[in-house]
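S.K.: This structure is in C-alpha cells; I'll ask about it shortly.
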Amino acid sequence: MPSLSHRRTTVLNFIRDRVVGHGQAPSLAEIAAACGLASRGAARKQVLALAEAGLIEVTAGQARGIRPAGMRARADLLRVPVLGRVAAGSPIGADAGLADTLTLDVRLFSAAPDYLLRVQGNSMIEDGILDGDLVGVKRTPEARDGQTVVARLDGELTIKRLSRSADALRLLPRNPAYVPIEVESGQDFAVEGVFCGLVRRE
C-alpha cells in the first residue's frame, strides 16, 4: 500500500466506512465536511490522488461513484438500484426512475434483490416495514399465497401481503387502520416481485 498522509488516510477510511457501513458512497461535499477539507474541490483532489494510487475507483459522471478498489468483486456485496417509490397505504403512481445505486451486503436479504423501492406509508408496520424504508424486491411475476409482494394495480404500485383463494384475490395490509384491497375481475393486476428484505437508513 502506498505511503499516505494523515489527511489522505482519513479520506480513504471515511470512504470505506461509508460504503461498508451505510451501503452508499459519500459525495464530495460529505467527504469535505467529514474530513475537514475546505471545499468540494479539495475533496476531489484527495479522491483523484487516491484513485491514481489504485486505492479507490471513481466512476465518471456519478455523484456517488466512489468505491474502494476491488470492492465490487466481493461475493457478499451487491450493487442494487433504487427505483423510486412503492405505496404502503393506497397505491401510488408507478415511479421507475433510477434514484440511486447502493452497495449492500447480500446477507441482509433472503434472496438477492433486483432493485430497491422506498416505502411511502404505514400500512405494513405489523410486518416491520416502515415509512421511508428501502425494500428489496426480487423480480418475478409469480407469488404464493401469504407472500409479501410488490403489485401493480391499474398502473399503480403497492406493497401488501398476497391472499389467493379459489374465488378471491386480495392485497392485505398489515395495519388495522387499512382495509384489504379486493382485486376485481378485469382489473389490470400483476405481481411485479416479492419482498426479500429491507434497509432502514437512520
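The values are calculated or read from the model by the stated rules, or taken from the named source; none is laboratory data. Only a predicted model underlies this, so the values are computations on that prediction, with no experimental measurement involved. Cβ placement follows ideal geometry from the backbone for every residue including glycine, while neighbour counts extend to all protein chains displayed.
S.K.: Can you work out which of the residues in segment 126-142 that are over 11 Å from the mean Cα position of the chain (by Cα) and buried (at least 17 other Cβ atoms within 10 Å of the Cβ) is farthest from P81 (Cα to Cα)?
M.R.: D127
S.K.: Which residues, taken from segment 101-121, are buried (at least 18 other Cβ atoms within 10 Å of the Cβ) and out of contact with any Lys or Arg (no Cβ under 9 Å at 6 or more places or on another chain)?
M.R.: L116, G121
S.K.: So, of the residues in segment 2-26 that are closer than 27 Å to L116 by Cα, in contact with a helix residue (DSSP H, G or I) (Cβ under 8 Å, 6 or more places away or on another chain) and outside any helix (DSSP H, G or I), which turns out to be modelled with the highest pLDDT?
M.R.: P26
S.K.: A further question follows. It is to be established whether one or more residues within segment 98-117 are outside the structural domain of S27 (by TED's automatic domain parsing), out of contact with any helix residue (DSSP H, G or I) (no Cβ under 8 Å at 6 or more places or on another chain) and under 20 Å from P173 (Cβ atoms).
M.R.: Yes: one or more hits.
S.K.: Moving on to the next point. Any chance you could count how many residues in segment 1-54 are touching a strand residue (DSSP E or B) at 6+ places or on another chain (Cβ under 7 Å), surrounded by fewer than 20 Cβ atoms within 10 Å (Cβ to Cβ) and of a type outside the set (G, A, S)?
M.R.: Count: 2.
S.K.: Given the criterion outside any loop (DSSP other than H, G, I, E, B), over 18 Å from the mean Cα position of the chain (by Cα) and in contact (Cβ under 8 Å) with a residue 12 or more places away in the chain, identify the matching residue among S90, S163.
M.R.: Exactly one of S90, S163 is outside any loop (DSSP other than H, G, I, E, B), over 18 Å from the mean Cα position of the chain (by Cα) and in contact (Cβ under 8 Å) with a residue 12 or more places away in the chain, namely S163.
S.K.: Another question, then. Whether any residue in segment 179-197 is within 22 Å of R107 (Cα to Cα) and either in contact with a Phe, Trp or Tyr (Cβ under 7 Å, 6 or more places away or on another chain) or part of a loop (DSSP other than H, G, I, E, B) (or both) is what I want to check.
M.R.: Yes, the conditions are met somewhere in segment 179-197.
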